[in-house]
Amino acid sequence: VPVLGVLPYDDPGLPEEDSVSLPPGGERATNGTEDGVPDERAVTVAVVRLPRISNFTDFGPLARTPGVRVAYVPLDAPLSADAVVLPGTKNTVDDLLALREAGMTERIRDFEGPVVGLCGGYQLLGERITNGSIEGTGDGDEFEGVGLLPVETRFEPEKHVEPVTREIDGVGPLAGAKGTVSGYEIHMGRTRVVGEASRPFPGSGAATDRVLGTYLHGIFENESVRRAFVTNLAAAADREPRVVAADTRPG
């Protein structure tokens with residue numbers, strides 16, 4: 001099976017920023033089912049279907065990996081999966097309020113498997129968001145996050161946009177990943193660690209044994225990261241790693 005390398009990100013705004021090609025927010029949809037691997041031997045990654053989801057192309061490499069299913073899960077649905085990912089969002093504060101209203105915040109807290117937050121999802125997993133009136137459309141300036149990572153995010157008017165290449169130190173759900181990782185960052189706000197946490201990249205991101213957050217979009221395009229995540233997920237779900245291979249199919 002051919003292995004896909006890292007896709008170039010010469011233009012950080014290149015990936016789709018809207019959700020027009022996703023199913024409606026109230027429906028669960030699963031990608032990656034036509035790989036020839038029986039469902040009982042596959043693992044499922046639940047992507048929480050935020051109302052303002054963005055950069056959902058982050059999950060294409062996982063859906064193209066044999067033995068991996070990517071399920072977009074509505075906010076009012078149970079998290080019946082082996083791992084949970086909180087994706088990027090056009091509006092972190094308003095999506096945080098939507099999570100809370102739907103009861104999804106509690107379901108994420110109670111989930112016992114690996115959890116990953118990307119960009120806005122990383123901010124959501126933290127303990128607190130401050131200066132939130134810069135982004136949110138409602139009242140309020142300080143908001144309690146999901147609380148799975150010891151980090152706080154303060155919003156600022158300037159948007160950070162940057163292609164990124166870093167050395168990864170695989171920790172948490174990405175344990176075992178090594179080498180150079182490429183992608184891009186596009187976000188508002190700065191996140192700081194306020195408790196005990198590992199760093200997947202020098203001075204960037206945060207992780208515990210089970211939960212990881214990063215601003216790096218395109219992270220699963222990197223073969224070493226994808227392989228580590230899928231291998232760890234297969235082990236945690238008691239599947240056969242030789243069946244759940246980490247090499248993506250073409251297309």
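The values are calculated or read from the model by the stated rules, or taken from the named source; none is laboratory data. This is a predicted model, so every value here is computed, not measured. Here the Cβ positions follow ideal geometry from the backbone for every residue, glycine too, while neighbour counts run over all protein chains shown. Remember, those area values only see protein heavy atoms, side chains included, never the ligands or the DNA or RNA. Shrake-Rupley method; radii C 1.70, N 1.55, O 1.52, S 1.80 Å.
In region 67-88, is there at least one residue being at pLDDT below 95, at positive phi and of a type in the set (Gly, Ala, Ser)? Yes.
Only residues that are out of contact with any Asp or Glu (no Cβ under 6 Å at 6 or more places or on another chain) and part of a loop (DSSP other than H, G, I, E, B) were counted across region 201-243, and they come to 15. In the condition set (1) under 19 Å from the mean Cα position of the chain (by Cα); (2) open to solvent by 10 Å² or more (accessible area, probe 1.4 Å), Gln123 is compliant with all but (2). Annotation for region 124-134: at least one member residue is at pLDDT below 95, of a type in the set (Ser, Thr, Tyr) and assigned to a strand (DSSP E or B). Considering only region 226-235, I want to know if a residue exists there that is farther than 30 Å from Glu101 by Cα, modelled with pLDDT of 95 or more, open to solvent by 60 Å² or more (accessible area, probe 1.4 Å) and touching a Lys or Arg at 6+ places or on another chain (Cβ under 9 Å). No, the conditions are met nowhere in region 226-235. Can you tell me how many residues within region 25-43 are at negative phi and either crowded, with 20+ Cβ neighbours inside 10 Å or of a type in the set (D, E, K, R) (or both)? Residues flagged as at negative phi and either crowded, with 20+ Cβ neighbours inside 10 Å or of a type in the set (D, E, K, R) (or both) within region 25-43 amount to 10.
Restricted to region 134-147, and to residues there that are open to solvent by 60 Å² or more (accessible area, probe 1.4 Å) and touching a residue at least 40 places away in the same chain (Cβ under 8 Å), the residue that is nearest to Asp95 (Cα to Cα) is Thr137. Number of residues in region 148-199 that are open to solvent by 10 Å² or more (accessible area, probe 1.4 Å) and assigned to a helix (DSSP H, G or I): the value is 1.
Results for (1) open to solvent by 30 Å² or more (accessible area, probe 1.4 Å); (2) closer than 21 Å to His187 by Cα; (3) aromatic (Phe, Trp, Tyr); (4) part of a helix (DSSP H, G or I), shown as yes or no for each residue.
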position: Ser80; (1), (2), (3), (4): yes, no, no, no
position: Val93; (1), (2), (3), (4): no, yes, no, yes
position: Leu99; (1), (2), (3), (4): no, yes, no, yes
position: Thr105; (1), (2), (3), (4): no, no, no, yes
position: Ile108; (1), (2), (3), (4): no, no, no, yes
